[in-house]
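The values are calculated or read from the model by the stated rules, or taken from the named source; none is laboratory data. Please read these numbers as outputs of a predicted model, since none were measured by experiment. Note: ideal-geometry Cβ built from the backbone for every residue, glycine included; neighbour counts use all protein chains shown. Areas reflect the complete protein model, heavy atoms only, side chains present, ligands, DNA and RNA absent. Shrake-Rupley method; radii C 1.70, N 1.55, O 1.52, S 1.80 Å.
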Amino acid sequence: MTTWDLRLASRRDVAQGTVAFRFGKPDGMRFRAGQAIDLVLPAARGEPQARHAFSIASAPYEDHVEVATRMRDSAFKRALGALVPGDKVSGDGPFGSLGLPADPARDVLLVAGGIGVTPFLSILRQASRDGGPRRLCLVYSNRRREEAAYLDELEQLAETVPGFRLVSVMTREPLTRGAGPQGHVNATVLGAARAGLHRPLCLIAGPPAMVSSVRDGLVASGVAEDDVRDEVFFGY
Ligand SMILES: Cc1cc2nc3c(=O)[nH]c(=O)nc-3n(C[C@H](O)[C@H](O)[C@H](O)COP(=O)(O)OP(=O)(O)OC[C@H]3O[C@@H](n4cnc5c(N)ncnc54)[C@H](O)[C@@H]3O)c2cc1C
């Protein structure tokens, strides 16, 4: 693993309480869509040096490294939230294998809970540039639309990337809002998402409880264990 100097270029809100941080991409840094990096923040005001893993939300072809997170009141998030453009942090990585299969024609089902969408955004941003025969479906679960990071961009990608379908699931949205299914990602939602995909590789990312229930649901519905990979975002 390599340690990189990352300089903050900009930050922006991508949903209620969720901020994306964009760093300049150092010369020579390469990663695959779906990989993650450890951000290491300098020690500050009585807090020890802090390190957290983040999936890289930007695509490999882009000239920056973007991460996004829910800004909660933890020591790490306080230090992250205090960064201003020009500040430098360290990045250890990239690492992880939550990526697309080597076969460019193999279909893929992506299932994200909340901020678990970040590795899949990188995959979809890259797919929008590369094209190809693969069919992709993203099931994206959030409580409400305003808390769904990058939802506008994903809706755009669903209109412009051939073969990509978005199923946006809101667990606490009033029935009058939004066209997607209500409630949790259950067997019905997963079955509908898999329809039209041929023996897809299934990638899941999000909070521990959501990841294990989606994995169990897929396996119970006949998906082979080897066709399911996941990334657990601890702390949610
Ligand atoms: C590969 C990977 C990619 C990730 N990508 C993202 C991302 O893109 N965006 C994002 O917001 N988060 C991501 N995470 C999660 C992130 O690293 C933090 O854990 C999360 O943001 C919560 O941080 P916090 O400071 O709010 O809470 P913290 O104060 O760090 O954690 C709250 C609680 O979570 C539990 N916890 C934390 N870490 C672990 C652990 N490693 N094992 C078991 N329990 C733990 C502990 O009970 C802790 O008290 C990723 C994690 C991994 C492993």
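Ranked highest first by average number of other Cβ atoms within 10 Å, how do 208-214, 18-24 line up?
Final packing ranking: 18-24, 208-214.
Could I have the simple spin-label model distance between K88 and D103, label points 7 Å from Cα toward Cβ, reported in nm to one decimal?
Taking the two extended label points, one gets 4.7 nm.
Take peptides 31-42, 191-202 and line them up by average Cβ neighbours within 10 Å, highest first, as a rough protection proxy.
Descending packing order for the listed peptides: 31-42, 191-202.
Just the number, please: carbon plus sulfur as a percent of the accessible area of segment 108-232, 1.4 Å probe, no ligands or DNA/RNA counted.
Whole-percent figure for carbon plus sulfur exposure: 51.
Counting heavy atoms of the protein chains only and a 1.4 Å probe, report the per residue accessible area for segment 2-95 as a whole number of Å².
On a per-residue basis, segment 2-95 sits at 49 Å².
Provide Rg and Dmax in Å for the chain, with only Cα atoms included in the calculation.
17.5, 54
How far is helix 151-160 tilted, in degrees, relative to the longest principal axis of the Cα atoms in the chain, given as a value from 0 to 90 rounded to the nearest 10?
50
So, by mean Cβ neighbours within 10 angstrom, what's the order for 117-124, 7-14 with the highest one leading?
Result, highest mean first: 117-124, 7-14.
Kindly express, to the nearest 10 degrees and within the range 0 to 90, the angle between helix 118-130's C-alpha long axis and the longest C-alpha principal axis of the chain.
That helix lies at roughly 70 degrees to the long axis.
Need one number for segment 74-130: average projected area of the convex hull over its C-alpha atoms, nm².
With every direction weighted equally, the projected area is 6.2 nm².
Express as a percent, rounded to the nearest 5, the fraction of DSSP beta bridges in the chain (both residues included) that run antiparallel.
Among the beta bridges of the chain, antiparallel pairing accounts for roughly 55 percent.
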